[in-house]
1. Does at least one position in the stretch 33-52 carry a residue that is exposed (fewer than 14 other Cβ atoms within 10 Å of the Cβ), without any contact (Cβ under 8 Å) to a residue 60 or more places away in the chain and assigned to a helix (DSSP H, G or I)?
2. Being crowded, with 17+ Cβ neighbours inside 10 Å, hydroxyl-bearing (Ser, Thr, Tyr) and not in a strand (DSSP E or B) is the requirement here; does Tyr171 meet it?
3. Check off (1) of a type in the set (Val, Ile, Thr); (2) over 23 Å from His155 (Cα atoms); (3) assigned by TED's automatic domain parsing to the domain that holds Asp204 for Thr47 and give me the number that stays unchecked.
4. Considering Val179, Val166, Val215, Val140, which residue is over 20 Å from Ala68 (Cα atoms), touching a helix residue (DSSP H, G or I) at 6+ places or on another chain (Cβ under 9 Å) and modelled with pLDDT of 95 or more?
5. Just to be sure I understand the filter: pairs with C-beta atoms under 9 Å, separated by 6 or more residues or on different chains, first member in the stretch 177-196 and assigned by TED's automatic domain parsing to the domain that holds Gln209 and touching a residue at least 40 places away in the same chain (Cβ under 8 Å), second member surrounded by 10 or more Cβ atoms within 10 Å (Cβ to Cβ) and part of a strand (DSSP E or B). Which pairs pass?
6. Across the stretch 130-166, what is the total count of residues that are in a loop (DSSP other than H, G, I, E, B) and more than 20 Å from Val76 (Cβ to Cβ)?
7. If Val115 satisfies all but one of (1) farther than 24 Å from Asp49 by Cβ; (2) modelled with pLDDT of 95 or more; (3) under 13 Å from the mean Cα position of the chain (by Cα), what's the number of the condition it fails?
8. Restricting attention to the stretch 69-80, does a residue exist that is surrounded by 16 or more Cβ atoms within 10 Å (Cβ to Cβ), under 19 Å from Trp30 (Cβ atoms) and touching a helix residue (DSSP H, G or I) at 6+ places or on another chain (Cβ under 9 Å)?
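The values are calculated or read from the model by the stated rules, or taken from the named source; none is laboratory data. It should be emphasised that the depicted structure is a prediction, and the values quoted were computed from it without experimental measurement. Virtual Cβ from ideal backbone geometry, glycine too; neighbours counted across all protein chains shown.
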Amino acid sequence: MVATERLAEKIIARLEARAHALTDVPPRSWLRFRATLEEFFEVIEATEDQPYDLEFEEGIILARMRYATATHELIVANLLTLLGNFYRNDTTVGVYGSSRLVYVPGYERVYNPDVVAVNQPEAYFPNHDRPLTITNATIVIEVHSNSTEGYDYAHKLMCYKQLPSVRHILYISPLKPFVTAFSRTDEPQIWLNADYGKLELEIDLGELQLPMREVYRKVVFGESTNAGSAS
């Protein structure tokens, strides 16, 4: 535990020293620290409620300052409202923001999506007692930025698809009305991919339909998108 406390202190010191340069930066610029998976979880506990984004990939803690634009947070809030309303009376599904980490067995990776829907009862990482890291997400949503879009596709997508419980994965652009949806078919290794680029469309997630206009409610896009306001 002492070693973990020192690791947490080291991560915090490095992050705070470079806080101005570790917000919306590409993954190649994130800080990296060697650690075991259990050490990662202990560091998560030690830095709880701090403005840090910590994820884990095959023996490496990836660390950066938490960065979210007003548009990003607005989209996340809209999604939580939409999914929360849909599952309001369904006790078999829980909906969470980034308070839930997702563990991918076999890949030794832990990611922190923006929104997840989870089957109840929730299944947690087996070697960790706290209800923080789930293994049975059904819907995973990432609202990416310019710096994380490529990383989300190249690293996270293949991992999310390996979770047997996941039925839908959404990647959402905050810069323009554009959502990419991946939906698992009855053959687990075959996925359907659909792109939604107009506010008039509805994202088809089987029994759940998400109106694009509601996903982007109150978002004002730049003039270059020619999309105007989504309110």
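1. no
2. Working: crowded, with 17+ Cβ neighbours inside 10 Å: yes; hydroxyl-bearing (Ser, Thr, Tyr): yes; not in a strand (DSSP E or B): no.
When the stated conditions are applied, Tyr171 does not pass them.
3. Failed condition: (3).
4. On the way: Val179 fails: over 20 Å from Ala68 (Cα atoms); Val215 fails: over 20 Å from Ala68 (Cα atoms); Val140 fails: over 20 Å from Ala68 (Cα atoms).
Going through Val179, Val166, Val215, Val140 in turn, just one is over 20 Å from Ala68 (Cα atoms), touching a helix residue (DSSP H, G or I) at 6+ places or on another chain (Cβ under 9 Å) and modelled with pLDDT of 95 or more: Val166.
5. That search, which allows pairs on different chains as well, returns Pro177/Tyr196.
6. First, pick out the residues of the stretch 130-166 that are in a loop (DSSP other than H, G, I, E, B): 130-132, 135-136, 144-148, 162-166.
Of the ones still in play, those that are also more than 20 Å from Val76 (Cβ to Cβ) are 130-131, 135-136, 162-165.
Count: 8.
7. (1) is the only condition that Val115 fails.
8. Of the residues in the stretch 69-80, the ones surrounded by 16 or more Cβ atoms within 10 Å (Cβ to Cβ) are 71-72, 74-76, 78-80.
Imposing the further condition that a residue be under 19 Å from Trp30 (Cβ atoms) reduces the set to 72.
Next, only the ones that are touching a helix residue (DSSP H, G or I) at 6+ places or on another chain (Cβ under 9 Å) stay: none.
Scanning the stretch 69-80, I find no residue that is surrounded by 16 or more Cβ atoms within 10 Å (Cβ to Cβ), under 19 Å from Trp30 (Cβ atoms) and touching a helix residue (DSSP H, G or I) at 6+ places or on another chain (Cβ under 9 Å), so the answer is no.
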